[in-house]
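Taking it in order: structure first as structure tokens, then the write-up.
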Amino acid sequence: MVRRILRGCGRADAAGSAVEPALSSAAFVAADDSCSLSADSRSVERLVAAVDLVVVPVQPSPLDLWSGEDMAALIRKAQSVHPALKSRMLITRRLANTTLGREAREAAGAFGIPVFDTEIGQRVALAESLVAGQTVFDYAPGSPAVDEFQRLRVELVKALATGLARMASAS
């Protein structure tokens, strides 16, 4: 079972207290926290400490890449007490055929966190699917956007594979 917890900055529920009950009843918990580190760093720290994989989305922009440095430091701090914690950078909203797009992978890799091979492009189908109130899988099933998310799914499963093996051996 997969449970999804949506959080945003300023909500009263702390990330850790929202994640802990879900962990006891689900194989996977996806927590989406839109906080910037400067706005609510304690909440982000609690969330990172409660999970097995942190995916850091970065857009190929200087501001996102600079904030990746802070997140990488927070992940390293969490790994000192939670050594099994995995992390990956995910390049999102990549514009094809641009210098920023080409240089994003190198810049993201400089933080010492592995970067997913899959990059999520800046796709019109993604925006249109939101306007239509559908997932991109329903809105544009044969689109490059769907292909990117399918490839990302495979990489996520691989990244979590050791956690699954650990869960299976414990039961």
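The values are calculated or read from the model by the stated rules, or taken from the named source; none is laboratory data. Owing to the predicted nature of the structure, the values given are computational and were not obtained by experimental measurement. Quick reminder, even Gly has a Cβ in these numbers, built from the backbone with ideal geometry, and neighbours come from all protein chains shown. Ligands, DNA and RNA are stripped out before the accessible areas are found, and what is left, the full protein with its side chains, is counted by its heavy atoms. Shrake-Rupley method; radii C 1.70, N 1.55, O 1.52, S 1.80 Å.
For segment 120-132, what does the Karplus curve 6.51 cos²θ - 1.76 cosθ + 1.60, with θ = phi - 60°, yield as ³J(HN,Hα) per residue in whole Hz, taken in order and with x for Gly and Pro?
Rounded to whole hertz, the list is 8, x, 6, 10, 4, 4, 5, 5, 5, 5, 5, 4, 7.
Stretched out fully, how many nm does the piece from Asp117 to Gln150 gain, at 0.36 nm a residue minus the Cα gap?
So the chain would gain 10.6 nm between Asp117 and Gln150.
What residues qualify as long-range amide H neighbours of Val58, i.e. H under 5 Å apart, gap of 5 or more or another chain, H built at 1.01 Å from N?
Correct list: Leu90, Ile91, Thr92.
Given a 1.4 Å probe and the protein chains all in place, what does the accessible area of Arg94 round to, in Å² to the nearest 10?
60 Å²
Could you give the nm distance between label points at Ala132 and Val81, where each point is 7 Å from its Cα heading toward the beta carbon?
Going by the 7 Å Cα→Cβ label model, 4.6 nm.
Applying the Karplus parametrisation 6.51 cos²θ - 1.76 cosθ + 1.60 with θ = phi - 60° to the phi angles of segment 76-83, what ³J(HN,Hα) value in whole Hz is obtained for each residue in order, glycine and proline being reported as x?
With coefficients 6.51, -1.76 and 1.60, one gets 4, 4, 5, 5, 5, 10, 9, x Hz.
Between beta-carbons, use under 15 Å as the cut-off and find the net charge around Gln134, counting Lys and Arg +1, Asp and Glu -1. Spell out each step's value before the answer.
Values: positive: Arg123; negative: Glu128, Asp138.
Overall, the nearby charge balance is -1.
Across all directions of projection, what mean area in square nanometres is found for the Cα convex hull of segment 54-106?
Its average projected convex-hull area is 3.6 nm².
Could you work out the local net charge near Thr98, counting Lys and Arg as +1, Asp and Glu as -1, over the other residues with Cβ closer than 13 Å to its Cβ?
+2
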